[in-house]
Amino acid sequence: MSAQGGSASGRKKIIQEQFDVLVVGGGPAGLMAAGRAAQKGARVALMEKNDSYGVKLLMTGNGRCNITQDADNMFEFVKVYKNGRFLLSAFNRMSPTNLRDFFRSRDVETKVEKNGKVYPISDQGKDVLDALYQYCRENMVTFFNTEEVIDVVRDGNKIEKIITRKKEISAEKYIFATGGKSYPNTGSTGRGFDWAEKLGHKVIQAKPSLVPIKIREQAIKDAQGISAHNIEISATQAGKKIATMAGDVMFAHYGLSGPLALNISRDLQKNIEKGEIKLSLDLKPELSFQQVDEIIRNDFEKNGHKNLSNCLKDFASPKMFDLIFALSGVDTHKHASNISKQDRLKITSLFKKMEMTVEELFGFEKAMVTSGGVSTKEIDPKTMKSKIVENLYFAGEIIDADGPTGGYNLQVCWATGYVAGESAAAATS
Ligand SMILES: Cc1cc2nc3c(=O)[nH]c(=O)nc-3n(C[C@H](O)[C@H](O)[C@H](O)COP(=O)(O)OP(=O)(O)OC[C@H]3O[C@@H](n4cnc5c(N)ncnc54)[C@H](O)[C@@H]3O)c2cc1C
């Protein structure tokens, strides 16, 4: 690679026309885009500001990397996403099945777990990253790490060059894959949004998404450590229902976490500025109020001589009972036979309607993804090409399209990265 003199400041190396495609951001979207563009014959450079690639990718799925969701019907699949229709074409090109084939062909076998979550069989996110890295290497991608892009220079309707702390580089086509703003300590600080805006793109305000929920009531915070499976949460604001979802939650020292809390936070985020939000947990959604009450009444009759704290052993975890009894105010030292109907109904109600108030949602530092980003109206869904800037493409979380937990968000990165890489390579002369 030839360095051709200094910049206006005289300190920067200028590397010109060395590359057909220059990808900014070495996360899952950037790696996939770079590998695919290079596989299609383009000379590709990948710029990453960290000293290693895929820092956030290694954190996904608690290190196990939930790479995608098991799904066949893309038309149905995209419905859970923000701007899902925009994703349809890319998902048809790189569907979850295609993705699993892609990784299988690179010696990463995958498996499907509960709720359709797909993981590498090894349970090692590192295997996924290594396979992508190898994909780029075998197709001769030039890696520039510890290379932070600090500006993008425009010439008319095209990007002329990008400027890093050390160099200026130009290429025929550019792919922005700088991610969103969540977990900024991994390198995703939202710089790509600034450049897109500067280049004339509309950027939908970035908001933290898939975040844990802070709850006001102390008794809920005191219940940290409880996990509740297959429950249902309903959220209401000013008496109007704004969301209902089912899944698993964890009680934490600040409130609620776990997949269900993260997923419902997407709806809470849209409404939180409008006023107070109440949550109601149904711990037994498959049973009616009457059925729950009957189970409790039968148990109390059978175990009348026992303390309340020793009843209902098969119905919920001891920790969940501690919470329910704390909220009900019923004296757990009483024998079951001495519980009044009124107290029993209080307990039943808590199983079916445990109410709490949302205090706040966590911010970007704890958000799994960013909602918002470059408007999908200004990106061609078939190619990921900008409709505003002639030689620019987008891939991954920088695009205003996010989904729930469960592999949905990485699926966006793989599919848009693959399509952006392929189309950018095809468009080079
Ligand atoms: C804790 C956690 C767990 C998650 N688990 C899952 C999961 O199991 N399944 C799932 O589907 N999703 C998961 N996600 C979401 C998923 O990780 C993201 O959606 C995905 O990483 C986004 O990929 P990306 O390539 O678009 O951006 P990123 O992964 O954010 O990568 C962007 C890259 O660009 C680089 N960059 C930024 N600015 C510059 C610059 N100026 N110059 C050079 N480089 C720059 C950054 O350093 C970074 O490496 C999880 C997220 C978190 C935080």
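Remarks
- The residues of region 120-130 that are more than 9 Å from the ligand (Cβ to nearest atom), part of a helix (DSSP H, G or I) and either within 11 Å of Gly54 (Cβ to Cβ) or open to solvent by less than 10 Å² (accessible area, probe 1.4 Å) (or both), listed by number, are Lys126, Val128, Leu129, Asp130.
- Qualifying position, being within 15 Å of the ligand (Cβ to nearest atom) and over 23 Å from Arg154 (Cα atoms), among Ala401, Ala395: Ala401
- Scope region 26-63; condition under 23 Å from the mean Cα position of the chain (by Cα), open to solvent by 10 Å² or more (accessible area, probe 1.4 Å) and not charged (D, E, K, R); matching residues: Gly27, Pro28, Asn50, Ser52, Tyr53, Val55, Leu58, Met59, Thr60, Gly61, Asn62, Gly63
- Wholly enclosed helices (runs of 4 or more DSSP H) of region 31-105 bearing at least 1 residues of a type in the set (Val, Ile, Thr) and more than 8 Å from the ligand (Cβ to nearest atom): 96-104
- Selection within region 192-222 - of a type in the set (A, V, I, L, M), over 21 Å from the mean Cα position of the chain (by Cα) and open to solvent by 10 Å² or more (accessible area, probe 1.4 Å): Ala219
- Residue within region 233-253 that is surrounded by fewer than 21 Cβ atoms within 10 Å (Cβ to Cβ), outside any strand (DSSP E or B) and within 16 Å of the ligand (Cβ to nearest atom) present: yes
- Residues of region 283-299 satisfying the condition of being open to solvent by 40 Å² or more (accessible area, probe 1.4 Å) and under 20 Å from Asp248 (Cα atoms): Pro285, Glu286, Ser288
- Matching option when the condition is exposed (fewer than 14 other Cβ atoms within 10 Å of the Cβ), in contact with a strand residue (DSSP E or B) (Cβ under 9 Å, 6 or more places away or on another chain) and not hydrophobic (A, V, I, L, M, F, W, C), among Lys111, Lys117, Lys82: Lys111
- Hits in region 160-196 - residues which are within 17 Å of Ile388 (Cβ to Cβ) and more than 14 Å from the ligand (Cβ to nearest atom): Glu160, Lys173
- Some residue of region 243-252 being farther than 23 Å from Gly61 by Cα and at pLDDT 95 or above: yes
- Residue in region 308-330 that is among the charged types (D, E, K, R), touching a residue at least 24 places away in the same chain (Cβ under 8 Å), surrounded by 15 or more Cβ atoms within 10 Å (Cβ to Cβ) and within 15 Å of Ile213 (Cβ to Cβ) present: no
- In region 373-416, the residues that are more than 19 Å from His201 (Cα to Cα) and either open to solvent by 10 Å² or more (accessible area, probe 1.4 Å) or not aromatic (Phe, Trp, Tyr) (or both): Gly403, Pro404, Thr405, Gly406, Gly407, Tyr408, Asn409, Leu410, Gln411, Val412, Cys413, Ala415
- Filtered residue count, region 290-332, keeping only those that are farther than 22 Å from Ser227 by Cα, in a helix (DSSP H, G or I) and within 41 Å of the chain's Cα centre (by Cα): 4
- Residue satisfying condition, being surrounded by fewer than 17 Cβ atoms within 10 Å (Cβ to Cβ) and within 12 Å of the ligand (Cβ to nearest atom), within set Lys366, Lys341, Lys334, Lys353: Lys366
- Residues considered: Leu323, Leu308, Leu279, Leu312. Of these, the only one that is touching a Lys or Arg at 6+ places or on another chain (Cβ under 6 Å) and in the same structural domain as Ala223 (by TED's automatic domain parsing) is Leu308.
The values are calculated or read from the model by the stated rules, or taken from the named source; none is laboratory data. All of these numbers come straight from a predicted model, not from anything done at the bench. Don't worry about glycine lacking a Cβ; one is built from the backbone with ideal geometry, like all the others, and counts go over all protein chains shown. When the accessible area is computed, the model is the full protein with side chains, heavy atoms only, and any ligands, DNA or RNA have been set aside. Shrake-Rupley method; radii C 1.70, N 1.55, O 1.52, S 1.80 Å.
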